[in-house]
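Shown next, in structure tokens, is the structure this report addresses.
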Amino acid sequence: MKIPKMVLFDYGQTLIAEQKFDGVKGTAAILQYAVRNKYHLSAEQVQAKADEINREFGRFDPGKRHLFQIEIPNTMFTPYLYESQGIEIALSNSEIDAVFWEAAAPGVPTEGIKDFLEYLKSRGIRTGVISNISFDPSVVAERINRLLPENIFEFIITSSNFMFRKPNRRIFDLALEKAGLQPDEVWYIGDQYECDVKGSLNAGLFPVWYIGAIDLPYTEDKNILTVKAWSEIARYMDLPDPQRRLPWKRT
């Protein structure tokens, strides 16, 4: 396996480890900006409606999210959620996303990611991001750049901006087009097996399964490079070409 010209990353639980999602906290933060709440609804009531709608669509079900391959961006979801319940919020859609997200799921860089990004930079390996996420693209970029200020990501592709969700290969094809590279020149690193590992593999990229911040049960696939620490990937890259094979025996 040759060294890549570019490494692409997933966002959540890969670049950034987020706390367990708490929609009620996020909604409570938004309701502080309500200039009208016709029915005097609580954060719990509003979030219950959001959960009801999401269940209808089948969104965010851990066991089925890989089947949901077209994104519903929050710029569509949020206005309906609040206005259908007689609530008016004195924030723009992107501001709602920023306030909600920071309250519902704050995050920190995964352990060792800053050093790994610096390692890639030192080797002249390009980097970028592909994320399944419904938040406004500008809000996603702001969070990544704030938490990883030394990054040199060439682009941050979000399903909220480009419609398709991993594992649909179209979103990987978009990244390859933007990078001007062939699939076998790119590695993709993510935490979710169906969306990240199988999705990138089916698109012709070399997948790396990062499980250092995983929040789902998993069964290791010996045919996939699986790592718990970013330093493991650097160590794999540093191997002589004849030794860079799978399954990889850690020493």
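Take every Cα pair under 8 Å whose residues are at least 6 apart in sequence, average their separation, divide by the length of the chain, and the relative contact order is 26 percent.
Estimated from the Cβ-Cβ distance and a Förster radius of 25 angstrom, the FRET efficiency linking Glu220 and Arg244 is about 0.85. Of Ile72, Met6, Gln32, whose Cα points farthest to the positive end of the dipole of the chain (charges on the beta-carbon: +1 Lys, Arg; -1 Asp, Glu; origin at the Cα centre)? So the residue we want is Met6.
Take every Cα pair under 8 Å whose residues are at least 6 apart in sequence, average their separation, divide by the length of the range 35-116, and the relative contact order is 40 percent.
The spacing between the range 18-92 and the range 184-251, judged by their C-alpha centroids, is 34 Å. Using C-alpha pairs below 8 Å separated by at least 6 residues, the relative contact order for the range 113-167 is 46 percent.
A convex hull fitted around the alpha carbon atoms of the range 34-174 yields 125 Å³ per residue. In terms of packing, defined here as the mean over residues of other Cβ atoms within 10 angstrom, the peptides 204-213, 177-186 line up highest first as 204-213, 177-186.
Remark: the chain carries a charge dipole of roughly 660 debye about the Cα centre, counting +1 on each Lys and Arg Cβ and -1 on each Asp and Glu Cβ.
Which lysines, if any, have their Cα less than 27 Å from the Cα of Lys5, not counting same-chain residues under 8 positions apart? Straight-distance partners of Lys5: Lys114, Lys121, Lys166, Lys178, Lys198, Lys222, Lys228, Lys249. When shorter helices are ignored and each DSSP H run of at least 4 residues is given -39500 (n - 2.57), the per-residue value for the chain at 222 nm works out to -10500 deg cm²/dmol. Residues of the range 26-64 with amide nitrogen under 19 Å from the 7 Å Cα-to-Cβ point of Glu102? Inside the label zone: 26-35. Of the two radii for the range 125-207, the radius of gyration is 0.94 times the Kirkwood radius, both from the alpha carbons; that is the Rg over Rh value. Volume of the convex hull of the range 110-155 (Cα atoms only), normalised per residue: 74 Å³.
Around the amide H of Tyr188, modelled in the peptide plane, lie the amide H atoms of Leu8, Phe206, Val208, all under 5 Å away and 5 or more residues distant in sequence or on another chain.
Once Rh is set to the Kirkwood radius over Cα pairs, what Stokes-Einstein translational diffusion coefficient, in µm²/s, holds for the chain at a temperature of 37 °C and a viscosity of 0.692 mPa s? It diffuses with D of about 172 µm²/s by this estimate. For the range 29-115, the orientation-averaged shadow of the C-alpha convex hull comes to 7.3 nm² (one quarter of the hull surface).
Sparse packing (at most 16 other Cβ atoms within 10 Å of the Cβ) combined with a DSSP loop state is found for the following chymotrypsin sites (Phe, Trp or Tyr not before Pro) in the range 10-43: Phe21, Tyr33, Tyr39.
Values quoted throughout were computed directly from the atomic coordinates according to the rules given, and no laboratory measurement underlies them. Keep in mind that what you see is a predicted model, and the values were worked out from it rather than measured. For neighbour counting, all protein chains shown are included, and Cβ atoms are generated from backbone atoms with ideal geometry for every residue, glycine included.
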